[in-house]
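The values are calculated or read from the model by the stated rules, or taken from the named source; none is laboratory data. Fair warning: this is a prediction, and the values are worked out from it, not measured in the lab. Don't worry about glycine lacking a Cβ; one is built from the backbone with ideal geometry, like all the others, and counts go over all protein chains shown.
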Amino acid sequence: MKHNEEGLKIVLTGDSIIARRIGVYEDEPTKELVKLIKDADVSFTNLEVLPNDFQGHPAARSDGAHFAAHSWVLDELVDMGFNLFSVANNHALDYGVEGLLATFKELEDRKMSYAGAGRNLADSRMPVYYDTDAGSVAMISCTSTFFEEQSAGDQSPEANGRPGVNPLHFDVVYEVTEEQLSVLRQVSDDLGLETQRKEWVRLGFAADPKDASLLPLVDSNLRVAGTLNANFRAAEKAAVRTVPNAQDLEEIVKWVKEAKSRSDIVIVSLHAHEQGDTREQPAEFIQMFARSVIDAGADIVVGHGPHLLRGMELYEGKPIFYSIGNFIGQNELIYKLPADSYKRFGIDKNLAPSEVFRIRSQDGKKGFPGDPLYWQTVVPVCRFQDGKLVQLEIAPVEITYSQKPHKRGRPCMAKGQRAEEILHKFRELSKEFGTSINENGQVLL
């Protein structure tokens with residue numbers, strides 16, 4: 001789009017789990033969606049596969065199946081009109097550090113603008129800038145859903161940092177009643193957990209909680225196996241409370257401020273599976289984080305990760321999309337799977353990849369294939385003038401569903417009743433945050 005009176009137009013999409021061609025389809029709903037993406041000055045998506053031609057060694061654990069793809073899927077996304085990419089998500093290290101570095105090379109060889117992972121922690125934190133005739137956009141990308149070994153590591157004077165994703169850790173406290181806390185304390189004593197924990201503190205391998213009101217329930221002896229490690233405290237009723245990690249928030253906010261000083265519009269991308277009371281509600285820390293980065297200068301917060309829609313909020317006149325769901329959902333078409341993926345789902349490794357997904361979903365009856373929330377999404381279209389949001393439209397998009405897996409997972413514009421259903425769903429979810437969206441998808445600013 002050329003610079004004109006329309007200002008700067010930004011299109012946002014959710015998770016792109018792409019394994020097959022998209023551009024070969026000529027149906028009108030697909031062509032209309034591609035035109036929407038291409039007509040924007042900046043078009044964003046979350047790249048939730050490793051387009052590295054399966055280079056690297058499969059990680060011992062993955063949050064689901066191992067997501068890698070042929071490198072040409074990047075060309076498909078560029079041909080669709082995308083020019084800004086998040087790579088911070090829970091699949092970024094599915095093929096280890098080697099696989100992540102191979103992904104960087106594929107992106108950089110194509111001069112693609114990406115953020116959210118790096119060769120060390122500082123590198124992963126930094127924004128990427130995308131300049132257009134209509135204005136300059138900065139994007140910072142992070143993820144709260146990751147295994148600790150996937151997190152980028154900081155450098156020290158004597159040692160290298162660790163390649164990985166830009167992490168947003170969060171602190172969790174489980175609130176229970178006084179009576180329940182008394183029972184937990186007794187259980188900890190009876191199992192010998194508190195005695196073990198105190199011994200580890202004495203030996204210098206652990207520390208007491210800074211908050212004396214917390215009851216740590218920790219299995220120090222079997223910690224490597226990933227057993228108990230939780231903090232409890234007394235409250236009037238049971239609840240799970242979460243807050244953003246203070247250091248991560250401080251460091252991300254630093255780069256938001258830096259990005260604001262060097263661009264017209266700042267986007268913060270957050271990949272977050274964590275939920276509130278239901279899957280369609282964000283965890284408490286996500287809301288705190290989103291508002292904090294807007295206070296620091298961000299103009300848009302775009303969330304994705306749970307593979308379904310969550311509502312949007314207008315905070316200080318700036319949009320927070322708590323999740324815009326999937327965009328491309330070709331999970332079942334991942335070309336190769338390592339033995340670890342077979343093992344995780346208890347499936348014979350001599351079977352073909354398609355059998356893994358078929359058995360896992362019970363022939364499409366459970367999991368993502370059987371969940372209607374997976375197959376609907378929205379594409380927000382934001383228009384800015386002089387750094388201010390002046391128009392926000394929500395385009396309803398459906399993700400193709402078929403009895404045949406190779407025909408599933410492709411996005412196209414929703415039409416008729418299907419479009420009305422998707423908009424109604426998003427409208428109702430957004431009401432919880434005081435946001436009004438009319439029947440045509442216009443957000444009332």
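Being modelled with pLDDT under 95 and assigned to a loop (DSSP other than H, G, I, E, B) is the filter; apply it to segment 388-438 and report the residue that is surrounded by the most Cβ atoms within 10 Å (Cβ to Cβ). Looking at the filtered set, the residue picked out is Gly409. The residue list Ser188, Ser182 contains one member that is buried (at least 16 other Cβ atoms within 10 Å of the Cβ), over 34 Å from the mean Cα position of the chain (by Cα) and not assigned by TED's automatic domain parsing to the domain that holds Ala283, which is Ser188. Checking Ile300, Ile294 one by one, the residue that is out of contact with any Phe, Trp or Tyr (no Cβ under 6 Å at 6 or more places or on another chain) and either within 27 Å of Asp131 (Cα to Cα) or not assigned by TED's automatic domain parsing to the domain that holds Arg383 (or both) is Ile300 and no other. Note on segment 310-369: among residues that are surrounded by 21 or more Cβ atoms within 10 Å (Cβ to Cβ) and among the small types (Gly, Ala, Ser), the one that is modelled with the lowest pLDDT is Ser341.
Determine whether Leu337 is touching an Asp or Glu at 6+ places or on another chain (Cβ under 8 Å) and either under 30 Å from Ser354 (Cβ atoms) or among the aromatic types (Phe, Trp, Tyr) (or both). So Leu337 does not fit the description; no.
Does segment 252-274 hold any residues that are surrounded by 19 or more Cβ atoms within 10 Å (Cβ to Cβ) and outside any loop (DSSP other than H, G, I, E, B), and which are they? Passing the criteria: Ile252, Val253, Trp255, Val256, Ala259, Ile265, Val266, Ile267, Val268, Ser269, Leu270, His271.
Residue-level check: of (1) touching a Phe, Trp or Tyr at 6+ places or on another chain (Cβ under 7 Å); (2) crowded, with 21+ Cβ neighbours inside 10 Å; (3) farther than 30 Å from Asp264 by Cα, Thr13 misses just (3).
If you go through segment 78-104 and keep only what is in a loop (DSSP other than H, G, I, E, B) and of a type outside the set (S, T, N, Q), you end up with Gly81, Phe82, Val87, Ala88, His91, Ala92, Leu93, Asp94, Tyr95.
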